[in-house]
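Trainee: One structure is given below, represented as structure tokens, and several questions about it will come after.
The values are calculated or read from the model by the stated rules, or taken from the named source; none is laboratory data. In this text the structure is predicted, and so the values were computed from the model without any measurement. Here Cβ is always computed from backbone atoms with ideal geometry, including for glycine, and neighbour counts include all displayed protein chains. Remember, those area values only see protein heavy atoms, side chains included, never the ligands or the DNA or RNA. Shrake-Rupley method; radii C 1.70, N 1.55, O 1.52, S 1.80 Å.
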Amino acid sequence: MTVESTAARKPRRSAGTKSTAGKRTTARNAPGTEPQLVQLLTPEGERVKNAENAAYDKYVADVTPEELRGLYRDMVLTRRFDAEATSLQRQGELGLWASLLGQEAAQIGSGRALRDDDYVFPTYREHGVAWCRGVDPTNLLGMFRGVNNGGWDPNGNNFHLYTIVIGSQTLHATGYAMGIAKDGADSAVIAYFGDGASSQGDVAESFTFSAVYNAPVVFFCQNNQWAISEPTEKQTRVPLYQRAQGFGFPGVRVDGNDVLACLAVTRWALERARNGEGPTLVEAYTYRMGAHTTSDDPTKYRADEEREAWEAKDPILRLRRHLETSNHTDEGFFAELETESEALGRRVREAVRAMPDPDHFAIFENVYADGHALVDEERAQFAAYQASFADEDGGK
């Protein structure tokens, strides 16, 4: 598998089928129409230096070629893991999977900006951030297989368990940030959420409390353009980063496909938090190249032309071009990385297939502290349903 290719994983519509999505969204984000944002690497991999970006450029001025190769490696391996997880779900090994395809730069850039003592509150798609925090990828898959509730100790990596309830983790992050501020710590907190979650009341409440209490928290919104089948313009009349103004703290929009810009802007926002300057909203303007989850079919609501326009801005290809034109690496590096990525894929695949099957009856446990007659009835009905399959197979 070529880990850099997004086109290889593009959902294809059967021949002769017309796209109704194309009538509604015809390349809304075509090149040349993007809103103004912080960008340090163009899609062609060229370094951008101008007065508008000077305030952020200094935060990556000391990044070495070795560190750039490290960022590239992070993105490639994260994409390889993500591709393997998608395949495993299609093979029935996982119940569901939420792919991050196309969002690697936003997650790796922000994840590598964090210090060890900073605390992360993710949603359920932050596989790249989990990678940066040292969480074993197989632990993520255990949750999506249904054999654990997360599988890692949040305090071991300062990386909270995945949050399925949309937007609620921003409240957890704000409360935690208020607590460490009272403790006198100089660390920071970062909360990840998507453009869809930005419409949740929990997020607005988090903005209010963090602003009033000057909490050291960074709200990192990955605007991937689609909240399942709902485009961003159906949720807001202003760019998402501008919402911060109404709550009294700064917001900034960064090119979410530019790993260097995401690293710089997140470092800047975290520094503000640590210095007692309060919260920041970072909107990483990116794109979800695949489905919302493996239960979704984006061809039903999204135009092929839109995706193709974003494929030209692939975050991994962008950094590779920069590495090559800057003579920061050679073909040997890429070959070794390809070997490493295949080894990661095998390790993940073998680990998942070695996991036990989920306990089908675990869903009935802990619903009520002392049990409940209705739950007992439902458990019995489900047991009879499961037994029917054995009867159909002749008791096997």
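Trainee: Being free of Cβ contacts under 8 Å to residues at least 40 places away in the same chain, among the aliphatic types (A, V, I, L, M) and open to solvent by 60 Å² or more (accessible area, probe 1.4 Å): is that true of residue 238 here? First the steps, then the outcome.
Mentor: Working: free of Cβ contacts under 8 Å to residues at least 40 places away in the same chain: yes; among the aliphatic types (A, V, I, L, M): yes; open to solvent by 60 Å² or more (accessible area, probe 1.4 Å): yes.
Yes: the conditions hold for residue 238.
Trainee: Right, next: Which condition does residue 292 not pass, out of (1) touching an Asp or Glu at 6+ places or on another chain (Cβ under 9 Å); (2) under 23 Å from residue 198 (Cβ atoms), if it passes all the others?
Mentor: Going through (1) touching an Asp or Glu at 6+ places or on another chain (Cβ under 9 Å); (2) under 23 Å from residue 198 (Cβ atoms) one by one, residue 292 breaks only (1).
Trainee: Determine which single condition residue 161 fails, assuming it passes every other condition in (1) part of a helix (DSSP H, G or I); (2) touching a Pro at 6+ places or on another chain (Cβ under 7 Å); (3) of a type outside the set (Phe, Trp, Tyr); (4) open to solvent by 10 Å² or more (accessible area, probe 1.4 Å).
Mentor: (1)
Trainee: So, in the range 169-197, of the ones that are open to solvent by 50 Å² or more (accessible area, probe 1.4 Å) and acidic (Asp, Glu), which residue ends up modelled with the lowest pLDDT?
Mentor: Residue satisfying both the conditions and the ranking: 186.
Trainee: Could I ask something else about it? Which pairs do you get when a residue that is at negative phi, found in the range 254-276, comes within reach of a residue that is open to solvent by 30 Å² or more (accessible area, probe 1.4 Å) and among the aromatic types (Phe, Trp, Tyr), reach meaning Cβ atoms under 6 angstrom, with the pair 6+ apart or on two chains?
Mentor: Cβ pairs passing all conditions: 264/56; 264/59; 265/56; 267/59; 268/56; 268/59.
Yes or no, residue by residue, for (1) hydrophobic (A, V, I, L, M, F, W, C); (2) open to solvent by less than 30 Å² (accessible area, probe 1.4 Å); (3) touching a helix residue (DSSP H, G or I) at 6+ places or on another chain (Cβ under 7 Å):
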{"residue": "246", "(1), (2), (3)": "no, no, no"}
{"residue": "250", "(1), (2), (3)": "no, no, yes"}
{"residue": "262", "(1), (2), (3)": "yes, yes, yes"}
{"residue": "270", "(1), (2), (3)": "yes, yes, no"}
{"residue": "276", "(1), (2), (3)": "no, no, no"}
{"residue": "279", "(1), (2), (3)": "no, yes, yes"}
{"residue": "284", "(1), (2), (3)": "yes, yes, yes"}
{"residue": "291", "(1), (2), (3)": "yes, yes, yes"}
{"residue": "294", "(1), (2), (3)": "no, yes, yes"}
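Trainee: Would you confirm, using the coordinates I've provided, whether residue 306 is among the acidic types (Asp, Glu), open to solvent by 50 Å² or more (accessible area, probe 1.4 Å) and assigned to a helix (DSSP H, G or I)? Quick ask: steps written out before the conclusion?
Mentor: Details: among the acidic types (Asp, Glu): yes; open to solvent by 50 Å² or more (accessible area, probe 1.4 Å): no; assigned to a helix (DSSP H, G or I): yes.
Here the answer is no, as residue 306 does not meet what is asked.
Trainee: Need a quick list: strands (runs of 3 or more DSSP E) entirely within the range 199-302 having at least 3 residues that are of a type in the set (A, V, I, L, M).
Mentor: Details: elements: 217-223, 251-255, 280-285.
It comes to 280-285.
Trainee: Now a separate question. Within the range 364-373, identify whether any single residue is outside any loop (DSSP other than H, G, I, E, B), open to solvent by 90 Å² or more (accessible area, probe 1.4 Å), closer than 14 Å to residue 148 by Cα and at pLDDT below 95, and answer yes or no. Walk me through how you get there before you give the answer.
Mentor: Initially, the range 364-373 is screened for residues outside any loop (DSSP other than H, G, I, E, B), giving 364, 373.
If we keep only those that are open to solvent by 90 Å² or more (accessible area, probe 1.4 Å) too, we end up with none.
Within the range 364-373, none of the residues are outside any loop (DSSP other than H, G, I, E, B), open to solvent by 90 Å² or more (accessible area, probe 1.4 Å), closer than 14 Å to residue 148 by Cα and at pLDDT below 95.
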